[in-house]
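Engineer: Questions regarding the structure given below will be posed in turn.
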Amino acid sequence: MPTEPARNDRADGKPRTSPPEGHAAPSHGSLVDAHVGRYAARAKDMAASEIRALFAVAARPEIVSLAGGMPYVTALPLDAVGEMARQLVAQRGGVALQYGSAQGDPALREGICEVMALEGIHAHPDEVVVTVGSQQALDLITRIFVDPGDVVLAEAPSYVGALGTFASYQAQVVHVPMDDDGLVPEALAECLARLQADRQRVKFLYTVPSFHNPAGVTLSAQRRPEVLRICQRAGVLIIEDNPYGLLGFDGEPQRALRADDDHGVVYLGSFSKTIAAGLRVGWALAPPGIRDKLVLAAEAAVLCSSNLAQLLVGEYLASQPWREQIKVFRELYRERRDAMLDTLGAVMPEGCRWTRPGGGFYVWLQLPAGLNSKSMLPRAISSRVAYVPGTGFYADGGGAEFLRLSYCFPEPARIREGIRRLADVVDAETEIRATFGADRAGLPGRAGPADLTGPAGGPAS
């Protein structure tokens with residue numbers, strides 16, 4: 001006697017592909033992701049950054065990684081920091097391990113104002129909002145200002161994490177050229193005039209003025225008031241992202257843009273580069289109206305930042321010689337920068353040009369004509385050296401002729417070896433191009449800093 005097929009089987013004996021009772025059928029799914037059709041439009045173009053995609057490979061011990069901008073945290077007095085953390089939990093654990101305010105710990109906000117004073121900023125703790133690193137501050141700022149299609153101005157090239165944030169809120173990024181003195185004021189003014197003539201809504205200018213990531217250049221003291229005036233006349237807010245400002249190798253820190261404009265600049269800061277990235281403590285300094293919106297947005301995102309991390313940083317600022325520790329970092333990074341620049345000058349082939357950073361973590365290198373940093377990366381990895389292709393630092397994927405080199409983490413000897421390996425890779429790619437006469441670029445280029453320093457130590461032609 002024939003029997004009915006089981007509930008989970010089809011009449012032809014094959015398993016059913018429909019979902020169980022009570023579950024909606026997937027819309028336009030795939031074998032990889034059954035939820036493809038359900039995602040919001042803003043999630044459609046999400047992709048891993050050029051840097052994150054490299055981490056797994058670059059972490060292999062045989063590879064000299066000149067890719068990630070990881071601070072050299074082992075230069076901290078780890079024993080003293082560990083003892084400080086132990087005492088904090090033992091004596092104030094009931095507070096440190098509890099929920100806190102969305103605006104941040106009051107004592108930490110006072111300490112942050114002392115840190116910003118080194119760059120000429122006179123601020124009140126009530127103006128500060130503590131965030132999960134400055135990356136969250138950037139996300140919150142974009143969330144409260146940007147509607148889909150709004151324009152965000154950003155330097156060319158620009159910080160890859162910022163570009164990812166802007167893309168996630170469906171902003172239209174318009175790049176503004178830079179040169180060795182940072183953002184070009186005339187180009188900024190022309191860009192704003194063109195966008196306003198086209199009735200485009202420009203929400204803010206995003207800039208990393210000191211020891212730029214990835215370009216390594218610094219906005220000159222002469223240009224800073226010009227940039228402020230241009231944005232003030234146009235009624236455009238400035239987002240000043242300044243994680244490297246205290247890590248200059250010569251002289252005092254540059255005066256921050258926020259020091260000369262209390263209402264037209266939102267300043268973003270971080271302890272990731274001057275204490276420890278793993279603590280994830282950053283901040284935004286904003287006018288009262290923006291501050292209130294940031295607090296509400298932070299509550300919606302995370303309720304509050306880690307009380308433990310905040311109290312650790314606050315205790316570090318109160319009890320440790322943090323200014324002296326910043327000097328230690330500056331000298332350590334200066335030595336590593338010098339190792340990179342000296343070796344670049346000694347071994348890089350003709351046609352390469354690069355910036356000479358006065359602080360921070362990065363050198364921006366331009367390859368000889370026709371070479372493509374993204375296409376060249378597999379050869380570099382097989383030669384046991386890693387860098388970040390320039391394409392990750394442009395909203396439209398341009399910049400193929402550039403790459404970013406980071407000198408903050410490897411020891412000087414490793415940096416020298418990595419640059420020698422990179423020079424061999426560039427030589428090999430140049431020889432292939434000369435042999436086959438084919439343009440391996442494949443991707444559109446974009447202007448980077450215009451007057452990169454050449455191997456001879458003078459201005460490049």
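The values are calculated or read from the model by the stated rules, or taken from the named source; none is laboratory data. What you see is a predicted model, and the numbers here were worked out from it, not measured in a lab. A quick note on method: Cβ atoms are made from the backbone with ideal geometry, for glycine too, and the neighbour counts reach across all protein chains shown. Areas reflect the complete protein model, heavy atoms only, side chains present, ligands, DNA and RNA absent. Shrake-Rupley method; radii C 1.70, N 1.55, O 1.52, S 1.80 Å.
For every residue, the table says whether it meets (1) within 19 Å of E119 (Cα to Cα); (2) in contact with a Gly (Cβ under 7 Å, 6 or more places away or on another chain); (3) modelled with pLDDT under 95; (4) of a type outside the set (S, T, N, Q).
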{"position": "A193", "(1), (2), (3), (4)": "no, no, no, yes"}
{"position": "D198", "(1), (2), (3), (4)": "no, no, no, yes"}
{"position": "A215", "(1), (2), (3), (4)": "no, yes, no, yes"}
{"position": "F249", "(1), (2), (3), (4)": "yes, yes, no, yes"}
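Engineer: Taking the range 271-294, which residues are in contact with a Lys or Arg (Cβ under 9 Å, 6 or more places away or on another chain) and small (G, A, S)?
Structural biologist: Of everything in the range 271-294, those that are in contact with a Lys or Arg (Cβ under 9 Å, 6 or more places away or on another chain) and small (G, A, S) turn out to be S272, A284, A286.
Engineer: Take the residues in the range 26-71 that are under 17 Å from the mean Cα position of the chain (by Cα) and open to solvent by 40 Å² or more (accessible area, probe 1.4 Å); name whichever of them is modelled with the highest pLDDT.
Structural biologist: Ranking the qualifying residues of the range 26-71, first place goes to M70.
Engineer: A further question on this structure: Residues that are crowded, with 20+ Cβ neighbours inside 10 Å, under 21 Å from A286 (Cβ atoms) and either among the small types (G, A, S) or without any contact (Cβ under 8 Å) to a residue 40 or more places away in the chain (or both): does the range 115-131 have at least one?
Structural biologist: No: the range 115-131 contains no residue that is crowded, with 20+ Cβ neighbours inside 10 Å, under 21 Å from A286 (Cβ atoms) and either among the small types (G, A, S) or without any contact (Cβ under 8 Å) to a residue 40 or more places away in the chain (or both).
Engineer: I'm trying to understand the selection: among the residues of the range 363-416, which are assigned to a strand (DSSP E or B) and of a type outside the set (K, R)?
Structural biologist: Result: V363, W364, L365, Q366, V385, A386, V388, P389, F402, L403, L405, S406.
Engineer: Now a separate question. Scan the range 330-355 for residues that are part of a loop (DSSP other than H, G, I, E, B) and either in contact with a Gly (Cβ under 7 Å, 6 or more places away or on another chain) or open to solvent by 30 Å² or more (accessible area, probe 1.4 Å) (or both) and jot them down.
Structural biologist: E350, G351, T355
Engineer: Any residue at all in the range 168-184 that is under 22 Å from P253 (Cα atoms), in contact with a helix residue (DSSP H, G or I) (Cβ under 7 Å, 6 or more places away or on another chain) and either modelled with pLDDT under 95 or buried (at least 19 other Cβ atoms within 10 Å of the Cβ) (or both)?
Structural biologist: yes
Engineer: Consider only pairs whose beta carbons are under 7 Å apart and that are at least six residues apart or on different chains; among these, list those whose first residue lies in the range 198-209 and is outside any strand (DSSP E or B) and whose second residue is open to solvent by less than 30 Å² (accessible area, probe 1.4 Å) and small (G, A, S).
Structural biologist: Listed pairs, sorted by first residue: P209/G182.
Engineer: I need a count of the residues in the range 302-313 that are in a helix (DSSP H, G or I), out of contact with any Lys or Arg (no Cβ under 8 Å at 6 or more places or on another chain) and over 11 Å from M84 (Cα atoms).
Structural biologist: Qualifying residue count for the region: 4.
Engineer: Across the range 155-177, which residue is farthest from M46 (Cα to Cα) among those that are assigned to a strand (DSSP E or B) and touching a Leu at 6+ places or on another chain (Cβ under 9 Å)?
Structural biologist: Of the residues in the range 155-177, the ones assigned to a strand (DSSP E or B) are 155-156, 172-177.
Imposing the further condition that a residue be touching a Leu at 6+ places or on another chain (Cβ under 9 Å) reduces the set to 155, 173-177.
Details: E155: 21, V173: 15, V174: 19, H175: 20, V176: 24, P177: 26 Å.
By that ranking, first place goes to P177.
Engineer: Another question, then. Exactly one condition in (1) in a loop (DSSP other than H, G, I, E, B); (2) open to solvent by 50 Å² or more (accessible area, probe 1.4 Å) is not met by K327; state its number.
Structural biologist: (1)
Engineer: Oh, and also: So, in the range 287-301, exactly how many residues are part of a helix (DSSP H, G or I) and more than 13 Å from T131 (Cα to Cα)?
Structural biologist: From the range 287-301, those part of a helix (DSSP H, G or I) are 288-301; that's our starting set.
Okay, now just the ones that are also more than 13 Å from T131 (Cα to Cα), so 288-290, 292-293.
Here the count works out to 5.
Engineer: Can I ask one more? So, E155, is that one acidic (D, E), over 22 Å from A297 (Cα atoms) and open to solvent by less than 10 Å² (accessible area, probe 1.4 Å) or not?
Structural biologist: Answer is yes for this residue.
Engineer: Sticking with this structure for a sec: Hey, among the residues in the range 222-249 that are more than 23 Å from the chain's Cα centre (by Cα) and not in a helix (DSSP H, G or I), which one's farthest from Q136 (Cα to Cα)?
Structural biologist: Step by step, filter the range 222-249, then rank; the result is Q222.
Engineer: Can you tell me which residue is least open to solvent (accessible area, probe 1.4 Å) among those in the range 249-283 that are over 19 Å from F211 (Cα atoms) and of a type in the set (G, A, S)?
Structural biologist: The residue in question is G264.
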